[in-house]
Amino acid sequence: MSFAISLLLFAGCQVTTQSPAQRALATPASNTATAAFAFEEADIAALQAKMADGSLSSRALTQAYLDRIAAIDDAGPMLNAVLETNADALKDADALDAERKAGTLRGPLHGIPVLLKDNIDAPPMANSAGSLALANHHPKTDAFLVQRLRDAGAVILGKTNLSEWANFRSTRSSSGWSGRGGQTHNPYALDRSPCGSSAGTGTAIAANLASVGIGTETDGSIICPSAVAGLVGLKPTVGLVSRSGIIPISQSQDTAGPMTRTVADAAAVLTAIAAADPADPASSERTSADHIDYTTHLKADALKGARIGVVRKLMGYQPDVDASMERAIAALKAAGATVVVAEIPTAGKWDAAEFEVLLYEFKAGLEAYLAASDAPIKTLAGLIDFNKANVGTEMPYFGQEIFEQANAKGPLTEPAYLTARDKARKLAGPEGIMVALKKQNLDALVAPSMSPAWLTDPINADHFLGAGYGAAAVARTPSLTVPMGDIHGLPLGITFMGPAWSEARLIELGYAFEQATKARKPPRFLPTVDFTSKE
C-alpha cells in the first residue's frame with residue numbers, strides 16, 4: 001500500500017462572511033442545532049417511489065436539500081461541505097417534474113439531486129479545485145459525466161469543498177481545507193478530519209445534504225472520505241467513467257465515481273455515468289462497448305461460494321480497526337464466502353515511481369485543462385506566483401512544494417517519466433494485485449479501508465496511520481468501500497478490490513456484505529468523539 005502517496009492524495013452562495021482561514025479554525029456548534037429532516041437516509045428507490053405516487057416532487061426535494069444546507073452547512077454544526085449551490089437547481093427540478101407529469105421518465109435518477117466535487121465542470125457554477133486563483137473560473141460546458149447525469153434526469157444541486165488541488169499542492173496539507181472554502185468538518189465528530197480529497201462530498205452525503213454525490217480519486221480520494229463518513233464509495237477502473245472536464249492530477253490514475261449511503265445508490269449512479277468518451281483516451285481501454293445496468297447486480301446472496309482474500313499485511317496499524325475487520329471477516333464467512341489470507345507481493349514498492357509519474361502528469365494535464373477551459377491562469381508557474389502573492393489566504397498553514405516539484409518536470413516524452421510510469425503500473429498491477437487474485441483464484445481482495453478519522457490539525461497536517469486501497473489506485477483497477485463498523489462513533493470501512501472492469505462483481509459482493517451487516521449509522525454532529533460509545 002502506498003502510504004506516502006496516499007497521505008498526499010486522500011485526500012459560492014454557501015460561503016459565510018468569514019475568510020477561508022477563519023473558517024478553517026472556527027469551532028462548529030454542537031448537534032443540538034440540528035433538527036429532524038424528512039428525507040434523512042432516504043435512498044434513490046424510496047425517493048422515486050414518493051415521486052411516482054405524487055407525494056413528492058423534484059422541486060420539493062431539491063428545496064428541502066437547499067434548506068438543509070442552509071441549516072447545518074452554513075449554520076448549526078457549520079459542516080462547511082458545500083462550496084456553492086446551483087442557481088438553476090430549482091428551475092431544472094421544475095423541468096424534470098414537468099417531464100414526469102407528461103409521462104417521460106429518464107431513469108432512476110430522474111429528479112434526484114446530486115452534489116459534485118469542485119473540480120468538475122458544471123455551468124453556471126465555478127470550477128476552482130478549491131483555489132482562489134480559479135474562484136471566478138466559469139467553464140462554458142459540462143464535464144462529460146455531468147452531461148451524463150443531466151441526461152439521466154439528475155438535478156445538479158451544487159459543488160462541494162475539497163482538499164485544495166485534490167491534495168496535490170503540499171506534503172503538509174490538511175484534508176478538506178481549501179483557500180476558497182476553508183476547512184470541511186467530519187459530521188461524526190466535528191473536530192475530526194473528513195479525509196480527502198473528496199472531503200466535501202463525503203461530509204455532505206453522510207449528512208444528507210443531497211441524495212448522492214460524485215467524488216474523484218487519484219489514490220484514495222474517493223475511498224478515504226467515504227470510509228470515514230460511513231459511506232459507500234466506488235473508485236472505478238480508469239476509463240470506465242470519463243475524465244473530460246475534470247481538473248486533473250494524473251492521466252494514469254484519475255477517475256470519478258459515486259459516493260453514496262448505499263450500494264444500491266452507487267450502482268444507480270455508476271450506471272448513469274459509465275460511458276465511453278471519445279475525448280478521453282482511457283475510454284479506448286474499455287474491453288466492452290456494452291452498457292451495464294449495475295443495479296441488476298444487487299444480489300444479497302452473492303457471497304455464497306465467493307472466494308475472498310484478506311490482505312492481512314494491510315492491517316496491524318490500529319487495534320480497533322483490526323477487531324472490526326475480524327468481525328467483517330466473520331460476516332463474510334457467515335454469508336457463505338471462503339476467506340483466505342492473500343498477499344500483494346510488491347506492496348509499497350511502487351511508491352517512488354508513482355510519485356514521479358504524478359509530478360510529470362500533473363503539470364502536463366493541468367496546463368492542458370487550463371488552456372482548454374480558458375481559465376484566468378494558464379500555467380502551473382502562474383498558479384505558483386498567485387499563491388506567493390496571496391500567502392495570507394492561500395498558504396496560511398502549508399506551502400506548495402509539490403507544485404514547485406511538478407513545475408520543474410519536463411514533457412511526457414522524457415525517459416524518466418516513461419520508465420516510472422511503466423514501473424508503477426507493473427508493480428501494482430500484473431506483479432501486484434493481479435498476482436494476489438490469480439494465485440488463489442479469488443473474486444476479490446479485502447482490507448480495512450482506512451484508520452478512523454484523526455483530529456483536524458492545520459499546523460501539523462494529517463495524521464495518517466494506514467489504508468488498504470493503494471494497489472488498486474496505482475494498478476488503475478476498481479475498489480469499493482462499504483461501512484463495516486465504527487470506533488467510538490467514528491465510521492470504518494472495508495475495501496473490496498478486483499481486476500480491471502470487475503465493478504459488477506464488486507457491487508455484488510459489497511451489496512451482499514452491506515445487507516448482512518447493515519453497519520452504516522447516520523452522523524450525530526457531535527463536537528468531539530463520545531468515548532463512551534462503542535461499536
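The values are calculated or read from the model by the stated rules, or taken from the named source; none is laboratory data. What you see is a predicted model, and the numbers here were worked out from it, not measured in a lab. All Cβ positions, even for glycine, are placed from backbone atoms using ideal geometry, and neighbour counts span all protein chains on display. Just the protein is used for accessible areas: all its heavy atoms, side chains included, with ligands, DNA and RNA removed. Shrake-Rupley method; radii C 1.70, N 1.55, O 1.52, S 1.80 Å.
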Going by the conditions given, is ALA227 touching a strand residue (DSSP E or B) at 6+ places or on another chain (Cβ under 7 Å) and either open to solvent by 10 Å² or more (accessible area, probe 1.4 Å) or closer than 19 Å to TRP165 by Cα (or both)? no
If a residue must be crowded, with 24+ Cβ neighbours inside 10 Å, in a loop (DSSP other than H, G, I, E, B) and among the charged types (D, E, K, R), how many such residues does the range 174-224 contain? 2
Among the residues of the range 437-477, which ones are touching a Leu at 6+ places or on another chain (Cβ under 6 Å) and more than 21 Å from ASP320 (Cα to Cα)? ALA444
Do any helices (runs of 4 or more DSSP H) entirely within the range 308-395 hold 3 or more residues that are open to solvent by 10 Å² or more (accessible area, probe 1.4 Å) and either within 16 Å of ILE494 (Cβ to Cβ) or among the hydroxyl-bearing types (Ser, Thr, Tyr) (or both), and if so, which? 319-334
Which one of the conditions (1) of a type outside the set (Gly, Ala, Ser); (2) at positive phi; (3) in contact with a strand residue (DSSP E or B) (Cβ under 6 Å, 6 or more places away or on another chain) does CYS195 fail to meet, given that it meets all the rest? (3)
Determine whether ILE247 is closer than 25 Å to LEU380 by Cβ and open to solvent by 10 Å² or more (accessible area, probe 1.4 Å). yes
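Any residue at all in the range 281-292 that's in a helix (DSSP H, G or I) and within 25 Å of ILE205 (Cβ to Cβ)? Can you show your working first?
Taking the range 281-292 first, the residues in a helix (DSSP H, G or I) are 281-285.
So of that shortlist, the ones also within 25 Å of ILE205 (Cβ to Cβ) come out as none.
The answer is no, given that none of the residues of the range 281-292 is in a helix (DSSP H, G or I) and within 25 Å of ILE205 (Cβ to Cβ).
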Selection within the range 251-271 - part of a helix (DSSP H, G or I) and either over 30 Å from GLU41 (Cβ atoms) or in contact with an Asp or Glu (Cβ under 8 Å, 6 or more places away or on another chain) (or both): VAL263, ALA264, ASP265, LEU270, THR271
Failed condition for ALA406, given (1) farther than 18 Å from LEU380 by Cβ; (2) assigned to a helix (DSSP H, G or I); (3) of a type outside the set (Val, Ile, Thr), with all others met? (1)
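Quick check on the range 155-172: of everything there that is assigned to a loop (DSSP other than H, G, I, E, B) and open to solvent by less than 10 Å² (accessible area, probe 1.4 Å), which residue is nearest to LEU383 (Cα to Cα)?
At the first step, the residues of the range 155-172 found to be assigned to a loop (DSSP other than H, G, I, E, B) are 161-163, 168-172.
Filter once more, so that each one left must be open to solvent by less than 10 Å² (accessible area, probe 1.4 Å): 161-163, 168-170.
Details: ASN161: 19, LEU162: 18, SER163: 16, PHE168: 13, ARG169: 11, SER170: 14 Å.
For the range 155-172, the residue satisfying everything is ARG169.
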